[in-house]
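Read through the structure below, which is laid out as structure tokens, and then see the notes.
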Amino acid sequence: MKSLFDRLTNLVKEFDNIILVGHKNPDLDSLGSCLGLSTILRSMNIDNYIFIDTDLEINSSTRQALSLVNDFNLININNYKDVIK
């Protein structure tokens, strides 16, 4: 298993930044996964962004959680091109 982790670590280090994308109509599991991966990437000093398309249907629990997320780089359909290199 360590070999897989090492390969994934080396792979993500090849990029200037990473965009994390959950599934369509994100729920708390999708958001939580993105937040967890973002935290891991930040601990590796890798810039990353969480793409959340706020134009899609988002349930009230997820929308409330999004309003509390301040320390993460959130992007959406209007500004994602600004971070693509």
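The values are calculated or read from the model by the stated rules, or taken from the named source; none is laboratory data. Everything numeric here is computed off the predicted structure, so don't read it as measured data. Please note: Cβ atoms are built from the backbone with ideal geometry, for glycine as well, and neighbour counts cover all protein chains shown. Each accessible area value is taken on the protein alone, full model and side chains, heavy atoms only, with ligands, DNA and RNA left out. Shrake-Rupley method; radii C 1.70, N 1.55, O 1.52, S 1.80 Å.
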Where Cα atoms sit under 23 Å apart: lysine pairs in the chain separated by 8 or more or lying on different chains: 4
Residues meeting the amide H criterion for N73 (H placed from the backbone, H to H distance under 5 Å, 5 or more places apart or on another chain) are I50
With θ taken as phi - 60° and the coefficients 6.51, -1.76 and 1.60, list the Karplus ³J(HN,Hα) couplings across region 76-85 in order, rounded to whole Hz; mark glycine and proline as x. 9, 4, 7, 10, 5, 5, 5, 9, 7, 10
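First compute the accessible area of region 16-85 with a 1.4 Å probe, then give the percent of it belonging to carbon and sulfur atoms. Please report the intermediate quantities before stating the final value.
Working: 2160 of 4560 Å².
The C+S portion of the solvent-accessible surface of region 16-85 is 47 percent.
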Can you give me the span-like helices of the chain, meaning DSSP H runs with 18 Å or more of Cα extent along the axis and Kyte-Doolittle mean at or above 0.0? 28-43
Cα gyration tensor shape of region 24-85, rounded if a/c is under 1.5, else prolate or oblate by comparing a/b with b/c: oblate
Percent relative contact order of the chain, based on C-alpha pairs within less than 8 angstrom and at least six residues apart? 31
Rounded to one decimal in nm, the spacing of the 7 Å Cα→Cβ label points at N78 and L28 is 2.8
Spin-label pair L68/N10, simplified geometry with 7 Å Cα→Cβ offset, distance in nm: 4.0
Any chance you could run the full-extension gain for K85 through L37? It's 0.36 nm times the residue separation minus the Cα-Cα distance, nm to one decimal. 15.3 nm
What is the sum of charges, Lys and Arg at +1 and Asp and Glu at -1, for the other residues whose Cβ falls under 14 Å from the Cβ of L8? +1
